Amino acid sequence: MSAASRNRFFIIKRILLAVIAAIFILAAFFAFRIFSRNLSGALSGDRSFPEQLKTALYWSSAGSGKVQCWLCPRQCLIPRGGRGFCRARKNIQGKLYCLTYGQPVAIHLDPIEKKPFFHVYPGTRSFSIASAGCNLRCKFCQNWEISQLDPESVKVDFVLPEEIVRQAKLSGARTIAFTYTEPTVFYEYMLDVAKLATIEGIPCVMHSAGFINPEPLRQLAPYLTAADIDLKGFSEKYYSSFCEGSLKNVLESLKILKEKGVWLEVTNLIIPSANDSDQDIRSLCSWVKDNLGPDTPLHFSRFFPMYKLADLSPTPLKTLLKAGQIARDAGLHYVYVGNIQEDAGEDTFCAVCGKLLIKRAGYTVLEDNIVEGKCKYCGAKIPGVWN
Ligand code: SF4
């Protein structure tokens, strides 16, 4: 081989080596990009990657890439890339995912009286969690800043159910509460937390609007010790115009929880000129007594101007006191009137001897005369879940 040929051979060899090296460097660069993108997605809980999301329960394919959600009575038909009415469930590539799994926007240690539960472990703390989103549109929502958000618009840390249970235990909470917003929109998360908490011996409680389909509610019920359900009014007209919901579904949920042995308390927020007629209140009380029993605690709550009803006045004291009287006349034994300065509105009295059992001031229990679930004075069994 001549010297010129040898030179050409070496030049071609070097070019080939350079090309191979360039291809290798480029391949390594892209591999690193893909790896780091997935890693950061995993670490930050970035929900733009389907693999970081939890597949939803209760849905089916509806053809042409659409899915139908069966979790709540809306039964949203969701096109590819779209999300449900609650904003918390999204169709990604023809599958339904929940955007709220592991994404608590609120974690607080609250008095259980704040939920409100008055017949469940009085004077104890409840480890309380919520996510963004809601499947109703109540014009008077107290938590609208989080309930009416797209879940991914709030930057929160990903928290596994195991971590919620671990933190609850560390905090000394007696219970874990699903509350603040509507727990139905973080159903899968709630279910996983509740299952783990049950194994660890921590009772779970839920404050909900009860706007959920029967099957998912039945699946959840064995892991709930107690539920406080907002019975927002007692007419379909009220539910549809003030909440975009429906009364009949809520009544069905209440009956299911009762049938499943979940301790029930009911809350009714009375709004002037909206749901405050004597007739509505009487019908609500009679329904509670006939279907859930006279021992079901009923909480009347005072409305304050809020959100889309900022122009209304607070509920007059006399309306609340009258509601309390209507409930007692209807035969309910445990009636509470909240958010008022009246002394005895939130105290518990024995339905048999009439003596004071629990004295409360705000969320604080000042006196508790229930011993092993019985009235200290007459020995009558007091319905509830006691310490
Ligand atoms: S849970 Fe959400 S997506 Fe499912 S039906 Fe209800 S509003 Fe629609």
Enumerate the pairs (first residue in segment 63-92 and in contact (Cβ under 8 Å) with a residue 24 or more places away in the chain and more than 18 Å from residue 187 (Cα to Cα); second residue anywhere and more than 7 Å from the ligand (Cβ to nearest atom) and part of a loop (DSSP other than H, G, I, E, B)) with beta-carbon separation below 6 Å, excluding pairs fewer than 6 apart on the same chain, so at least 6 apart or on different chains. 65/80; 65/94; 66/79
Can you name the residue in segment 339-355 that is of a type in the set (A, V, I, L, M, F, W, C) and loosely packed, with under 14 Cβ neighbours inside 10 Å and is also nearest to residue 301 (Cα to Cα) among such residues? 344
Selection count where residues are under 16 Å from the mean Cα position of the chain (by Cα), buried (at least 24 other Cβ atoms within 10 Å of the Cβ) and among the aliphatic types (A, V, I, L, M), scope segment 85-115: 3
Taking the conditions exactly as written (surrounded by 21 or more Cβ atoms within 10 Å (Cβ to Cβ) and part of a loop (DSSP other than H, G, I, E, B)), does residue 201 satisfy them or not? no
Just checking, how many residues over segment 296-330 are without any contact (Cβ under 8 Å) to a residue 60 or more places away in the chain and touching an Asp or Glu at 6+ places or on another chain (Cβ under 6 Å)? 1
Count of residues meeting criterion [in a helix (DSSP H, G or I), under 18 Å from the mean Cα position of the chain (by Cα) and crowded, with 22+ Cβ neighbours inside 10 Å] in segment 255-282: 1
Condition met for residue 315 (under 16 Å from residue 345 (Cβ atoms) and not charged (D, E, K, R)): yes
Name the residues in segment 134-179 that are among the hydrophobic types (A, V, I, L, M, F, W, C) and closer than 26 Å to residue 315 by Cα, would you? 134, 136, 138, 140, 141, 144, 146
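No lab work stands behind these numbers, since they all come straight from the coordinates. The shown structure was predicted, so the numbers you read here are calculated from the model rather than taken from an experiment. Every residue, glycine as well, gets a Cβ built from its backbone with ideal geometry; the counts of neighbours run over all protein chains shown.
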